[in-house]
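Note sheet for the following structure.
Nothing in this text is a laboratory measurement; each read-out follows from the coordinates by a stated rule. Values in this document were obtained by computation on a predicted structure and should not be read as measured data. Here Cβ is always computed from backbone atoms with ideal geometry, including for glycine, and neighbour counts include all displayed protein chains.
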Amino acid sequence: MNSRFRFLGLVALLLLIAWTGTISVSAKRAAKYVGSEDCAVCHEDTHPEIIKAHAKTLHSQAMFDVEKNPKSIVATFTPDAPIKKSDIKYVLGSGKVYQNYLDKNFKVLPAKWLVKEKKWVKQQPVDGLTQCVGCHVTNFDPAIKKWTELGVGCEACHGPGAVHADSQDPKDIINPKNLNQKRLNMVCGQCHAVGTDPSGKYAYSPTFVPGDDLSKHFKLTDAGPGAANSQYNTFLESKHEAGGQKCTSCHEPHGVNAKGPKQLRSSVNDLCLACHTMKLGDTDAVKDLKSHAPNAAPDATCASCHMEGNSHAFKKASSN
Ligand code: HEC
Ligand code: HEC
Ligand code: HEC
Ligand code: HEC
Ligand code: HEC
Ligand code: HEC
Ligand code: HEC
């Protein structure tokens, strides 16, 4: 046997070990959720670009356990810091705009860290168990304080995957692309919305799974302008929603082909002008940004005036 064949033999042996490794995972599949690592076992081969891109999105970094990821804390701790680093058990947020910290009892610690400003501001010390964790992990059960994985994993958008992971049948897993517009937007809206579960106890739905009618699991409340994670609330008021658009019309869920920031399919202006150079219904055409908004700041985008406070209502702007 020449060395090349010996090498191939070794590869085969390693594959066998990897394979038996996957068999031992099957006990976990008794549960309905398997976790993103299990999805990757097969989809690293069929969709390597999705596995790679998802790992880079903020979704996969929405919450950390400090013991496993000590570097996830982006705050600086000086002796006069309002909270103690040693009290932190969980980190909420990837550290883009701000970060929150929970103690071992899921209490939100009373200060949050502003990333750009590099400073602490006060934070209401609410109960993270009922007010936060449900949207920052996958498959949270607050009754037993358990989740499948930290962060927004594959199954947060695709639904429980144990049956599919055994059968490998595409019919056993939700491809959100096949959901109608309203149900697809609800997949994102389970987290990108402000409201409570029907009992009013939780700020998220402990029962919704992708494919469900969110309105049966979650009541929207008036978020107020600029409120965090209120995109679904404001989008429901927009002509875009009425016209049939989906969150995925503009956002790439895995970021595979995202050419703009924030998982946008292209840069903001290109995205809007792809439709708006034409007259659409009652809405006049916009030739280009310069002629439409001659006094706009040099770095303005369509979003600067039509998505103030990140509103997804896409209203006509009041001034330019
Ligand atoms: C044991 C292998 C295996 C595992 C584990 C697995 N899949 Fe699949 N999956 C497949 C195969 C095979 C297909 C069909 C071929 C294809 O689309 O590449 C598929 C197809 C899909 C599709 C496309 C369905 C469609 O409508 O075309 C999605 C979405 C999907 N899988 C998501 C997941 C998620 C999420 C997980 C983890 C919960 C997962 N898969 C775990 C093998 C697997
Ligand atoms: C289980 C909850 C959950 C679901 C479901 C979910 N998201 Fe998110 N999303 C989050 C959280 C939490 C963050 C913020 C993570 C962070 O900053 O650390 C986020 C961040 C984002 C961002 C910001 C990315 C950036 O670079 O600034 C976009 C865009 C986004 N989500 C779009 C979507 C879309 C579209 C869907 C549906 C296809 C969706 N999300 C489904 C919870 C969720
Ligand atoms: C934020 C929500 C979200 C997360 C998280 C997510 N997906 Fe998806 N996935 C979608 C949506 C929405 C689609 C439909 C694609 C579209 O409309 O562009 C999709 C499509 C797919 C497809 C089908 C691709 C095709 O070409 O039809 C596969 C396979 C898939 N996802 C696997 C995964 C795996 C594996 C993970 C975890 C590593 C994952 N997804 C995480 C929302 C998500
Ligand atoms: C209904 C779902 C939901 C609940 C409940 C929720 N979040 Fe989030 N959170 C999100 C989404 C979605 C994003 C990203 C989009 C955004 O910021 O608009 C996010 C982003 C964040 C970020 C990252 C901000 C950044 O961009 O840097 C932090 C930190 C955070 N949340 C903390 C909390 C805390 C603390 C609580 C509880 C008091 C909480 N969240 C409750 C859905 C939720
Ligand atoms: C018509 C296009 C379009 C649609 C449809 C759309 N978005 Fe967006 N979204 C944008 C643009 C553009 C931005 C970036 C705005 C900016 O640069 O200020 C954005 C930003 C975001 C952000 C980042 C917020 C932040 O503070 O960084 C999140 C999260 C988000 N969208 C979620 C959603 C969800 C959820 C839906 C569906 C309910 C949705 N989007 C539908 C165009 C869209
Ligand atoms: C897929 C096509 C499409 C894309 C992409 C798109 N729009 Fe629209 N937009 C429409 C349609 C259709 C209408 C409603 C036309 C009507 O019925 O009057 C509309 C309406 C509007 C209106 C008028 C709303 C009102 O209440 O009168 C504004 C403002 C707007 N869009 C801004 C944007 C911005 C900003 C972007 C980029 C972030 C964008 N649009 C991306 C198709 C699109
Ligand atoms: C500096 C602010 C500003 C910027 C930047 C801007 N707009 Fe506007 N836009 C406005 C104002 C103000 C109106 C309302 C004008 C009116 O009522 O006739 C408007 C109106 C619109 C309308 C409604 C047209 C109608 O039927 O009256 C659309 C669609 C629109 N803008 C799209 C865009 C797009 C696409 C971009 C990016 C290429 C953009 N806007 C950039 C300020 C802005």
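Structural remarks
- With the convex hull of the Cα atoms taken as the outline of region 238-310, the averaged projected area works out to 5.4 nm².
- Entry for the chain at q = 0.10 Å⁻¹: log10 I(q)/I(0) = -0.70, Debye formula applied to identical alpha-carbon scatterers, no solvent contribution.
- Relative contact order [Cα under 8 Å, 6+ residues apart], region 191-320, whole percent: 21
- When region 238-310 is described by a simple charge dipole with +1 on each Lys and Arg Cβ and -1 on each Asp and Glu Cβ, the residue from HIS306, GLY255, ALA274 located farthest towards its positive end is GLY255.
- Global form of region 94-142, assessed from the alpha-carbon gyration tensor, a/c cut-off 1.5: oblate
- Relative contact order (%) - the chain, alpha-carbon pairs under 8 angstrom, separation at least six: 12
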